[in-house]
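**Q** Quick one: the structure is below, and I'll ask about it shortly.
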Amino acid sequence: MATTKVDPKLNEGDIAKTAKTYQGLTSQQLIDAYRMMFTSRRVDDREILLKRQQKVFFQISGAGHEAVGVAAAFVLKPGYDWFYPYYRDRALCLALGATPYEMLLGAVGAADDPNSGGRQMPSHWAYPRLNVVTQSSATGTQILQAVGCAEAGRYLAQHPNAARKAEGDYRQFKDVHFQGDEITYVSLGDGTTSGGEFWEALNTASNRRLPVIFCVEDNQYAISVPVEVQTSGGNISRLVSGFPNFHFEEIDGTDPVVAYAAFQRASDYCRAGHGPAFVHAHVIRPYSHSLSDDERLYRPDAERQADAAHDPVHRLQLFLLREGILDEKGINKIEREIEEQMQADTDRALEAAVPQPDTIYNFVYSPDLDPTSAAFETHAAAPETATDGKPSAGSQNVNPQNISPQNINLQSKASPNKTMADLINATLRDEMRRDERIVIFGEDVADASREEYLKQKLIKGKGGVFKLTSGLQLEFGSDRVFNSPLAEADIVGRATGMATRGLKPVVEIQFFDYIWPAMMQLRDELPIIRWRSNNAFSAPVVVRVAIGGYLTGGAIYHSQCGESIFTHTPGLRVVFPSNALDAAGLLRTAIRCDDPVLFLEHKRLYRETYGRAPYPGPDYMVPFGKAKIVQPGTGLTVITYGAVVPRALQAAQKLEREHQVSVELIDLRSLNPFDWEAIAASVKKTNRALIAYEDSLSWGYGAEIAARIADQLFHDLDAPVKRVAATDTFVAYQPILENAILPQTSDLFRAMKELAEF
Ligand SMILES: Cc1ncc(C[n+]2csc(CCOP(=O)(O)OP(=O)(O)O)c2C)c(N)n1
Ligand SMILES: [Mg+2]
């Protein structure tokens, strides 16, 4: 065992009587470790007391997990490495540099709580100065984000210019820093290893040899469910041992010396670029799951007492005494100092200002960049000045008889008018040229993962099942455009981690129908990172999604809509263009803005004759929240978007031709935010409103618009507010059924006529 000199900082009484080191830990470090671990335990105890006094509102402890956290913090570097801890990592955060006072601010929900400003439960750590990234209560969502964080570090090291600031878009407000050899730490409980995202994260980290330390803090229980129910065979190390490229450790996580040595080996391995590490730390949980749980209901006394014998705080205390590093006086002195400071911190925290109710809307969206503003309203370049009007995605119309993407002909026609597919591809290309922070990934989006085939010109490449990303890998390289595994949570979770570091992932979900594995990330993570961290972190990802029906044969799983599920999520911008020009302008706004955006692309419109346009140039933008009046009218207002726009236009033209009723047709273009002013102005003029949408009728997007009109324009109405939408079923395969299910031009015509005649 190596020896070093006793640290001169040690006072007499606290004195280390030995110059030994313990797996590289000096006596002073062990004393510091004790200080941290004891502090962590005492913050828990204090919060528990405050909870019983009803001065705080929730408590979850890190008790029993202190040693492993302190050991990790001693090895890794705050503000240099990155941390995705979970709620038991109080000791880790303290040892990284968070203070007990800051933690108590979180417990009372103070305005100055650095974790969330009183928005999250205590122990949901976020310390930007330490690179501790905001986390949620959802077990396991942090793991894929940590993988994305590590990928971002590697990407930035290879593309250092991407870190530069730039004016005029989100980059102005996003500081990016990287080290080149940083490690991302992520922790989770034994129960959390049961979730799919854990396995997706391990798979990707392994495959890409990412510098991530996965720390499983195995306290044998997930609330009341024991580990053998979660994990086949009861030991997670055994199950993951086959992942290639990993360094594995299985340790007694109640022993800081053992844990320190394990983290040292793990970090050496990761920093050297060999790949990820897996530290399986056996720990204890002496305080029940949380204060809402009483473990005596499911754990007998004998089991709890056996656990208590491994209490890491007591063990280290005994170790320090036994090794003669501290004597009893020294221990008492440390503990007394901590208690005194705790009292002072508690008194201060209890007097801290609470957040004001009128702050609740702060940071739902970026406070810096407003995508509805005039800055995002630019004009199309004259066709000849457009830099790139001929992307490799084709202009051939989709044969509605066959939605199989492979059957789409890719030959561009000579016409200057391009399809929506063309213009989305061209916009992606120009934005990637302009902004090196953009990376594109998703299922099948690359031209070819086996890039040697491309280099040898053996193949043309794929570039998306609908060809929207065609040619981008060829131009920008395989580290900027690449395929993901077939796992939607993997796509969105990693993108979220990357965006937190400052990259701009523009990811693709191949079919809206398959977005649901990513739903936890899309609902509980991506849109809420800014709000829940009180603006300390943000993740302005663009998620492009092919959506919608009218495909003749699309059936249930290639025709779904469901946009209202996402417009119901605060923090997420949702746009849904109906034509090529709007798609280009809205996509550019989505990429340059500072909020996460769900960009819905209707498959039926990708290559439709309706709505083609020349490429509007590399700076064309359409602001969010601004509807387009497709045609003005006075007889009634039709509010719609997406693939219903051309159908409603046909119906409106027929109504005018046959019944001389002029219809004002509004294409909302963006659904959150939406253009209430345009709706209100129109309904005040026509006094009649019909909302038409492709999704099933009940609880759909139009329900909200109808309710607003009824509420705020009641006195302007001459007729009930009407809706036309799909039936309350999924979309069927047989075309006769599909026609009956989805709103058709004839349905729209009938509803418009009835409303006009009311
Ligand atoms: C996705 C999800 N499901 C359920 C819960 C409720 N819940 C909170 S903690 C927990 C148990 C977690 O157990 P484990 O991963 O072993 O961590 P431990 O609390 O034991 O440290 C559960 C079920 C949650 N937060 N998230
Ligand atoms: Mg557990």
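**Q** Are there trypsin sites (Lys or Arg not before Pro) in segment 146-205 that DSSP marks as loop and that have at most 14 other Cβ atoms within 10 Å, and which are they? List each step's numbers first, then the result.
**A** Values: sites: R154, R164, K165, R171, K174; in loops: R164, K165, K174.
Here the trypsin sites (Lys or Arg not before Pro) that fit, given the DSSP loop and packing criteria, are R164, K165.
**Q** At what distance in angstrom do the alpha carbon centres of segment 155-224 and segment 84-100 lie from each other?
**A** 17 Å
**Q** Moving to a separate point now. I want the antiparallel fraction of DSSP beta bridges within the chain, as a percent rounded to 5. Spell out each step's value before the answer.
**A** On the way: 11 of 64 bridges.
Percentage antiparallel, nearest 5: 15.
**Q** Regarding the chain, what's the average projected area of the Cα-atom convex hull, expressed in nm²? Working shown, then result.
**A** On the way: hull surface 145.3 nm².
Average projection, Cα convex hull of the chain: 36.3 nm².
**Q** Can I ask one more? When we measure straight from the Cα of K51, which lysines land under 29 angstrom away, once same-chain ones fewer than 8 places off are left out?
**A** Once the sequence-local lysines are set aside, what remains near K51 is K333.
**Q** How long are the three semi-axes of the equivalent ellipsoid for segment 668-708, computed from the Cα gyration tensor as the root of 5 times each eigenvalue, in whole Å, largest first?
**A** On the way: eigenvalues 65, 32, 14 Å².
Three semi-axes, in Å: 18, 13, 8.
**Q** Quick one: which of 524-537, 291-304 comes out on top by average Cβ neighbours within 10 Å, and what's the full order, highest first? Intermediate results must be reported in sequence, preceding the final value.
**A** Values: 524-537: 22.9, 291-304: 12.4.
Put in order of decreasing packing, that is 524-537, 291-304.
**Q** With an 8 Å cut-off on Cα pairs and a minimum separation of 6 or more residues, tell me the relative contact order of segment 193-289 in percent.
**A** Numbers: 155 pairs, mean separation 40.0, N = 97.
41 percent.
**Q** Under 1.5 on a/c is rounded, so check that first for segment 618-758, then, if it is not, pick prolate when a/b is larger than b/c and oblate when it is not; a ≥ b ≥ c are the square roots of the alpha carbon gyration tensor eigenvalues.
**A** Details: a/c = 1.37, a/b = 1.14, b/c = 1.21.
Note, shape of segment 618-758 comes out rounded.
**Q** On a 24 Å Cα-Cα criterion, which of the cross-link pairs K418/K628; K165/K418; K174/K462; K165/K467; K504/K628 come out too long? Kindly include the intermediate steps, with their values, before the conclusion.
**A** Details: K418/K628 20 Å; K165/K418 33 Å; K174/K462 33 Å; K165/K467 31 Å; K504/K628 28 Å.
Table pairs above 24 Å Cα-Cα are K165/K418; K174/K462; K165/K467; K504/K628.
**Q** Under 1.5 on a/c is rounded, so check that first for segment 598-653, then, if it is not, pick prolate when a/b is larger than b/c and oblate when it is not; a ≥ b ≥ c are the square roots of the alpha carbon gyration tensor eigenvalues. If you can, show how the numbers build up before the last one.
**A** Values: a/c = 1.80, a/b = 1.43, b/c = 1.26.
Prolate shape, in that a/c is at least 1.5 and a/b is the bigger ratio.
**Q** Among 355-362, 248-255, what's the highest-first ranking by average C-beta atoms within 10 angstrom per residue?
**A** On the way: 355-362: 11.1, 248-255: 21.8.
Per-residue Cβ counts within 10 Å, averaged per peptide and sorted highest first, yield 248-255, 355-362.
**Q** Could you give the Stokes-Einstein D for segment 254-379 in µm² per second, using the C-alpha Kirkwood radius, 4 °C, 1.567 mPa s?
**A** Working: Rh = 21.0 Å.
D, rounded to a whole number, is 62 µm²/s.
**Q** Between segment 298-320 and segment 556-577, what is the C-alpha centre distance in whole Å?
**A** 50 Å
**Q** Spelling out what I want: for every residue of segment 460-470, take phi, set θ = phi - 60°, compute 6.51 cos²θ - 1.76 cosθ + 1.60 (Karplus), and round to whole Hz; glycine and proline get x.
**A** These are the phi-based 3J(HN,Hα) values: 8, x, 9, x, x, 5, 9, 6, 6, 10, 4 Hz.
**Q** Right, next: Counting other C-beta atoms within 10 Å, which of F278, F57, F38 has the fewest, and how do the rest follow? Display every interim value, and only then the final one.
**A** Numbers: F278 23, F57 13, F38 20.
Fewest-to-most ranking of F278, F57, F38: F57, F38, F278.
**Q** May I pose another question? For the chain, what's the relative contact order in percent, using C-alpha pairs closer than 8 Å and at least 6 residues apart? Numbers along the way, then the final one.
**A** Values: 1727 pairs, mean separation 89.3, N = 758.
Computed over the chain, the figure is 12 percent.
**Q** Ok, one more. Determine by what factor the alpha-carbon radius of gyration of segment 425-580 differs from 2.2 N^0.38 Å, reporting the quotient. Could you put the intermediate results ahead of the total?
**A** On the way: Rg = 16.0 Å, N = 156, 2.2 N^0.38 = 15.0 Å.
Output field value: 1.07.
**Q** Could you tell me the distance between the Cα centroids of segment 667-719 and segment 18-69, to the nearest Å?
**A** Each part reduced to its Cα centre gives a spacing of 56 Å.
**Q** Please list, in chain and number order, the residues 5+ apart from V574 or on another chain whose amide H is under 5 Å from its amide H, with Hs placed from the backbone.
**A** So V574 has HN proximity to L598, L671, N672.
**Q** Then there is this: Quick query: amide H of I213 versus all other amide H atoms, modeled in the peptide plane; which residues come in under 5 Å with a sequence gap of 5 or more or a different chain?
**A** T184, Y185, V186, A277
**Q** Out of the chymotrypsin sites (Phe, Trp or Tyr not before Pro) in segment 73-123, which ones are loop residues according to DSSP with at most 14 other C-beta atoms within 10 Å?
**A** Taking segment 73-123 and a limit of 14 other Cβ atoms within 10 Å, the loop chymotrypsin sites (Phe, Trp or Tyr not before Pro) found are Y80.
**Q** Related question: In what sequence, highest mean first, do 473-484, 102-113 appear when ranked by Cβ atoms within 10 angstrom? Don't jump to the answer; show the numbers that get you there.
**A** Details: 473-484: 18.1, 102-113: 21.9.
Result, highest mean first: 102-113, 473-484.
**Q** Angle check, please: helix 676-686 long axis (alpha carbons) against the longest principal axis of the chain (alpha carbons), in degrees 0 to 90, nearest 10.
**A** 30 degrees
No value in this document is a laboratory result; all are computed from the given coordinates. Quantities reported herein were computed from a predicted structural model and do not represent experimental measurements. Glycine also receives a Cβ, built like all others from the backbone with ideal geometry; neighbour counts cover every protein chain displayed.
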